[in-house]
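Working notes, structure below.
The values are calculated or read from the model by the stated rules, or taken from the named source; none is laboratory data. Computed from a predicted structure; not experimentally measured. We place every Cβ from the backbone using ideal geometry, glycine too, and count neighbours over all the protein chains shown. Side chains are part of the model used for accessible areas, which takes the heavy atoms of the whole protein and leaves out ligands, DNA and RNA. Shrake-Rupley method; radii C 1.70, N 1.55, O 1.52, S 1.80 Å.
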Amino acid sequence: MSALLEFREVSVVYGGVTAVDKVSMSAEAGQIHGLIGPNGAGKSTLFNVASGLVQPRQGTVLLEGADITAMGSYKRARLRMARTFQQLELFGVLSVYDNVLTAAEIRRSWARDHSDSKADALQALERTGLAEMAQERSDRLPTGLARLLEVARALATRPKVLLLDEPAAGLNEQETRTLGKLLIGLADDGLAIVLVEHDMDLVMQICSVVTVLNLGKVLLTAAPDDVRKDQAVLSAYLGSAEVNV
Amino acid sequence: MQDLLAYTIFGLVTASIYAIAASGLVVTYTTSGVFNLAHGAIGMFGAFIYWQLRFSWGWPAWIALLLVVFVLSPIFGCGLEKALMRNLTDATEATKLAVTIGVLVALVGAATWIWDPNLSRPFAAFYQGNKVDILGVPVTWDQLITVGIGALCAVGLRVLLYRTRIGLDMRAVVDDRALVLLNGGRPDRASMFSWAIGSMLASLAGILIAPYIQLSVVPLTLLVVNAYAAAVIGKLRSLPLTFLGAAIIGLLQSYAVGYLPTSTVQWMQHVPDTIPILVLFVALLVLPHQRLRGHTGRRGRESFPVPTYKMALIGSAVVVGLACALAPLLSTQPLFSMSSGLGLGIVGLSLVPLLGYGGQISLCQMTFAGIGAVVYAHATGGGSPLGLVVAFVVAAAVGALTALPAIRLRGLYLALATAALAEFCDTFVFGLSSVTVFGHHIPLFGNGTLPAARLQVPFVDVSNDRVYLVVLAVIFCAIGFGIVALRRSRHGRVLLAMRESPAACAMLGLRLTTVKLAVFSLSAGIAGVGGALLAGLSTQVAPDQFSFFQSLPLLLLMMAGGVGMVSGAFFGALALGLFSTLGTMSSLFSRGSSLLPGLVGIGLGSQPNGVASDIGAGLSALVRRRGAQVPAVETDVVTEGWDEQCIEWEFLGMDGRISRREQQILDDSLGLKVG
């Protein structure tokens, strides 16, 4: 499989602090790539680099082989990269439906096709299980559902690459299981998904490959089983105990 | 060589005053997050009180100075922080600015009310007449004192911030307000102290600059725009860079006065006055700002219902009906006031898509109205409706051209850029006697005013003022209907989405620049139409009608009405008409005419949605009660006894109970109240 999204030796420096230090990783079509690490490891910064919200000090970001390092955020989205945010970025005054509809309409305007935005929006809501609360105002949703709404909004742009920043935070066990199934389904559809998540059970169950970041550096990129057993990972991130899957 | 030295010394004097004013702005902004647009008004008020004590009542200068700078100003600053500013922590940038504009406008109104603007007030400098000779250049004592005070402020602020406990608190609040609270500090106290310092520095600057310009309310108030430039060079954070910026501006201005042919080339006459404004504009454009990023600020509390076509039709019928009913009843002056209010209401409508939907702050809508009025005055052949179209197109084009460089800015910086544009037009463009565009000579305000014909409507006698009121009402409703249609369209949703989260919009593929440019152009065009209709009302255009200062009460009243709703603009128009009518009833009201909009603006801190949405909610509840007896939906669950619920803070030296607001900051930072 070919890498849809690729980071090559990416470094980000905030003032005197190196938040991301020569990180290389890639996400392939049909694959869920877990990105884990303790708080401050540089996970969200890497997402911000991918989406153009932060410029790296060095290194390149490639999307389907094309260098997008200096490209504006909106252009990256038009190359079919979508993301969710760790701190919610919903259109709070709009309803759940209008949040997703707006995304579908924006996509239709730049894609210049004649797709049915309403159908796209409804489909995204159905897929994320939010159809029943379509008329709710989005800023009144519980955090967990609000995160799902961000996923639905991203899906309405029909992405190839999906960056998810802690989508399971605030979800209960049942909702987390549903989210896991949804993400597996999306990967089966050919999406490349990068998942930042603190729920280790979810990461270990649905990711085909996991990259562990610590203090801005890649500690390990491997299959979940290998990550679980790696002593460096256990001591740096998970403490001394083994991951409970 | 002596000339150069003389201009340098005078430049340093001006720079010192700008530095004192700008450092006050920076100190308050960094500790409270509120950019105090009323900073100049506080300085103006301080200068007037000083004049009253020193020159009207004959008090000794040092007593008057100490009382104003070290007693009254800090008390005012503390009061302002406690009563207004600390409640704005989770307000949007627009609300924060509106409240400070409210203070500005109220102070201007109060000063005009107390001190008759028609009287001349000589304001002698300290030790007037005393001079010393420096390398052959005579320098007055007050100039030396001013530079000395400037230097003292620089040293004093440095010592305060880096050598005192309260300075440490103030710097800590800049970094992380919640963390200060979590560590037992009291950010509110630091903020209050900074507002006291800011007010002291504002008054000091006002008193020092008053001898160099007339002791006049509005010029003294707006002079602070020059200090904005220095503060922006300091990125609103760095005091050393702010002082450097003040030095650059002061010196450039002084050299421009000395070396530009201002007395021989007519158009260069006002160029020195525009230098700080140009520096501000360039600094805003050139200096690096924060890149677009997620979660840049707290979500706004402002929220407006989606308008329906049915409600728009009913509202239009009410507005036109009201105009038809009032037109025959009103006497000449109130009729003119209400017509003027409606004309201004059309300008105010331009803020609905721009600020209400798009969240873009503009302080120059009256400037666009002025451009529309000038174009209409020239383009219209005896009041042809085509003139309105031309006014719309040209104002929209000018809006797009001027917004283009400023469009990458957001929030406060965009507001400052639009303020700079308005000031530039006031001091330079509207001061020109004519301009030449593509070889066409276009007269401006050479004779003070421009004649303008009233809009001609077939089969309607618009020369009759009563009929013109109804015509204005119909045009208001037509534009309002268009704005409702915009809100209900996908473009309206996109504007709201951009207001809520620019970062999320960008990540959906939305090119924010295009959307901002489009809404700026539309807004400028609507303001241009409003300006054209105002020109038709008085059948002439005067630059004073469209000054920067006129944009401020307009913005306040539109926000007080509800800037996200067409009906809010109507309430704003009604209020403007009523206030203007009151002004015609008594000279006392006339002099304090800006006091009322100012007070209304101050109230926005606690009611950012304006009155229209409240009335709408009340009417909806009434309809629901009369209808199917459906119980009203509980929107917010209020925990009983929350006010009494306090946490005893027994460690890290904090001995008192924390306030409800401090509790909220803690909740937010600890994530206790999510969702």
query: Picking from B:Gly530, B:Gly536, which residue would you name as being modelled with pLDDT of 95 or more, buried (at least 23 other Cβ atoms within 10 Å of the Cβ), not in a loop (DSSP other than H, G, I, E, B) and not aliphatic (A, V, I, L, M)?
result: B:Gly530
statement: Requiring at least 1 residues that are facing chain A (nearest Cβ under 9 Å) and touching a Phe, Trp or Tyr at 6+ places or on another chain (Cβ under 9 Å), the helices (runs of 4 or more DSSP H) wholly within region B:461-514 are B:490-500, B:502-506
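Take the residues of region A:91-103 that are among the hydrophobic types (A, V, I, L, M, F, W, C) and more than 9 Å from chain B (Cβ to nearest Cβ): which is surrounded by the fewest Cβ atoms within 10 Å (Cβ to Cβ)? Give the steps one after another, and end with the answer.
At the first step, the residues of region A:91-103 found to be among the hydrophobic types (A, V, I, L, M, F, W, C) are A:91, A:93-94, A:96, A:100-101, A:103.
Adding the requirement that they be more than 9 Å from chain B (Cβ to nearest Cβ) leaves A:96, A:100.
Working: A:Val96: 28, A:Val100: 31.
Among those that are among the hydrophobic types (A, V, I, L, M, F, W, C) and more than 9 Å from chain B (Cβ to nearest Cβ), it is A:Val96.
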task: Inspect region B:181-194 for any residue being out of contact with any Gly (no Cβ under 6 Å at 6 or more places or on another chain), loosely packed, with under 15 Cβ neighbours inside 10 Å and of a type in the set (A, V, I, L, M) and give the result as yes or no.
output: yes
Residues that are within 22 Å of A:Leu191 (Cβ to Cβ) and more than 12 Å from chain B (Cβ to nearest Cβ), drawn from region A:52-63: A:Val61, A:Leu62, A:Leu63
- prompt: Out of curiosity, is A:Leu88 closer than 24 Å to A:Val196 by Cα, crowded, with 20+ Cβ neighbours inside 10 Å and of a type outside the set (Lys, Arg)?
  reply: yes
statement: Matching residues in region B:169-201 (of a type in the set (A, V, I, L, M) and modelled with pLDDT of 85 or more) number 6
- prompt: So which of B:Leu512, B:Leu522 is open to solvent by 20 Å² or more (accessible area, probe 1.4 Å) and more than 22 Å from B:Ala420 (Cα to Cα)?
  reply: B:Leu512
statement: Restricted to region A:17-34 and to residues being within 18 Å of A:Lys160 (Cβ to Cβ) and part of a strand (DSSP E or B), the residue nearest to the other protein chains (Cβ to nearest Cβ) is A:Ala27
message: I need a count of the residues in region B:133-153 that are open to solvent by less than 40 Å² (accessible area, probe 1.4 Å) and either in contact (Cβ under 8 Å) with a residue 24 or more places away in the chain or not assigned by TED's automatic domain parsing to the domain that holds B:Ile209 (or both).
response: 9
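Pick from A:Pro167, A:Pro142, A:Pro159: which is in contact with a strand residue (DSSP E or B) (Cβ under 9 Å, 6 or more places away or on another chain), within 12 Å of chain B (Cβ to nearest Cβ) and not basic (Lys, Arg)? Give the derivation first.
Details: A:Pro167 fails: within 12 Å of chain B (Cβ to nearest Cβ); A:Pro142 fails: in contact with a strand residue (DSSP E or B) (Cβ under 9 Å, 6 or more places away or on another chain).
On inspection, the qualifying residue turns out to be A:Pro159.
Go through region A:64-85 and give me each residue that's more than 7 Å from chain B (Cβ to nearest Cβ), open to solvent by less than 10 Å² (accessible area, probe 1.4 Å) and touching a residue at least 40 places away in the same chain (Cβ under 8 Å). Don't jump to the end; show me each part of the working.
Step one: filter region A:64-85 for residues more than 7 Å from chain B (Cβ to nearest Cβ), giving A:64-72, A:75-76, A:79-81, A:84.
From what's left, open to solvent by less than 10 Å² (accessible area, probe 1.4 Å): A:68, A:76, A:81, A:84.
A:Met81, A:Thr84, listed by residue number.
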field: Selection within region A:104-140 - surrounded by 21 or more Cβ atoms within 10 Å (Cβ to Cβ) and in contact (Cβ under 8 Å) with a residue 40 or more places away in the chain
entry: A:Ala104, A:Ile106, A:Arg107, A:Thr128, A:Ser138
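Please return the ranges of helices (runs of 4 or more DSSP H) entirely within region B:55-119 where 3 or more residues are closer than 26 Å to B:Phe549 by Cα and modelled with pLDDT of 90 or more.
Working: elements: B:61-66, B:73-83, B:93-114.
Qualifying helices (runs of 4 or more DSSP H): B:73-83, B:93-114.
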